[in-house]
1. Please compute the modelled spin-label separation between residue 389 and residue 320, points set 7 Å along Cα→Cβ, answer in nm with one decimal.
2. List every residue whose amide H lies under 5 Å from the amide H of residue 240, counting only residues 5 or more places away in sequence or on a different chain, with H placed 1.01 Å from N in the peptide plane.
3. Given 246, 107, 1, which one lies farthest toward the positive end of the charge dipole of the chain, if we put +1 on the Cβ of every Lys and Arg and -1 on the Cβ of every Asp and Glu?
4. So which of 377/422; 55/199; 287/379; 2/46; 164/287 end up more than 32 Å apart, counting from Cα to Cα?
5. Residues with amide H under 5 Å of residue 324's amide H, sequence separation 5 or more or different chain, H placed in the peptide plane at 1.01 Å from N; which?
6. Taking neighbour Cβ counts within 10 Å as the exposure measure, how do 37, 55 sort from fewest upward?
7. P(r) tail for the range 66-154, what percent of Cα pairs lie past 20 Å?
8. So what is log10(I(q)/I(0)) for the range 179-309 at q = 0.18 1/Å, when the Debye sum runs over its Cα atoms only?
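Each value in this text was obtained by applying a stated rule to the coordinates, not by laboratory testing. Quick caveat: nothing in here was measured; it's all calculated off a predicted structure. With ideal geometry, Cβ positions are generated from the backbone for all residues, glycine too; neighbour counts draw on all protein chains shown.
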Amino acid sequence: MKLYNIKDHSEVVDFAQAVRQGLGRDQGLFFPSEIRKLDNIDELLKMDLVTRSEKVLRNFLGDELPDLSDILKRAFTFPAPLVKVSENTYALELFHGPTLAFKDFGGRFMAQALQAVSGGQHITILTATSGDTGAAVAHAFYGIEGIDVVILYPKGKISNLQEKLFCTLGGNIRTVAINGTFDDCQALVKKAFDDEELKKAIGLNSANSINISRLLAQICYYFEAYAQLPEDRRSNVVVSVPSGNFGDITAGLLARACGLPIKRFVISTNANDTVPRYLSTGRWEPKETVPTLSNAMDVSRPNNWPRVEELFRVMGWSLSELAYGAMNDDETRDAMRRLHALGYVGEPHGTIAWSLLQDNLAADETGIFLCTAAPAKFKENVDLILGTDIPLPEALASRSEMKVLSDNFDPDWETLRKYLMK
Ligand SMILES: *Cc1c(COP(=O)(O)O)cnc(C)c1O
């Protein structure tokens, strides 16, 4: 598989290098040089998730990643059920993994892929988290030989449950409660990546969210959704994607580019609506990011958007084909109550996708909205808004009694450097 840097097409790398490197020169994103159409979609739809995903990804990877089948078996260990919500609307539940969010798909595949392409070289993943990304990274890399993970987070500034979820693993996962803010943690991480000697010594890698391996993994569940639709519901399919950094929807568009017959996508955002405003006015005008109920989408400069535009360009599609909408918190609360009245408990992100899907769905169409996190992850708000008392899922409940294993120190560079070196 060849990929080029969107900012400089002369930089071309293979999959292994793109995974190791993350970003190209000038912070440019890597993009596949060739997107081949699959000619056996009907056959693919009859297969199980892992078997089908291998075929879909082989179409990109060629003969790279020879262990793909084993990698997928280890990464995709949980289902992505499609649940009927009303006559022509289905929820794709992507939250049945260890950290209860769709990022488990991309994170777990990336961890396996990175190990496979590292050539036996030792790697240290260093990242700062304000809560959720840390959990996904920790669980994805837990137990992976040859890769150590260090996660920094601001002491006392993440919820107890969040802390329990990723600071109780041990093994190759080290967590550090920093006596400071999230910005202090990020500044420390930045310093580490600027330190060439340290970088070499411990094989520093960021495994960040724009890694191409994540997108490849996410393509797979769009096929899975389609495969679960009843046969008489497979024409005129519209998919609504709750979007923050626009990785998830990029993967969906790539699935379509490979031939999955999705008629239309709906871009669904909260009040951080840079893209909906751009699609309506043609002007790219990011505003200050505002906090919302759907906080994983609190992004005003979505870092995967250049990939969306590149895909439309190479496919000859028009951005005007995209449906879109944005909702504020009051509208989100109201939508959660309306969805609940249909018998479905949704958390803020998936509910925004549901509501904007309803606004953009004709009677002869079938709609799928992506549920990116489990309601229990947002229990406090969900219970408050819906008057429910939703149970903690096993993944959270079993960890809530465990001991937090984090180390603790001040936001001091020399202390962290010594810690990383040992
Ligand atoms: C990350 C995240 C999103 C946004 O996904 P992008 O790929 O960044 O657009 C939506 N919902 C939840 C729960 C998330 O964690």
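1. Calculated label separation equals 5.5 nm.
2. When sequence neighbours closer than 5 places are left aside, the close amide H contacts are 266, 368, 369, 370.
3. Positive-most Cα among the choices belongs to 1.
4. Violating the 32 Å Cα-Cα cut-off are 377/422; 55/199; 164/287.
5. 267
6. Sorted ascending by nearby Cβ count, the order is 37, 55.
7. 43
8. -1.08
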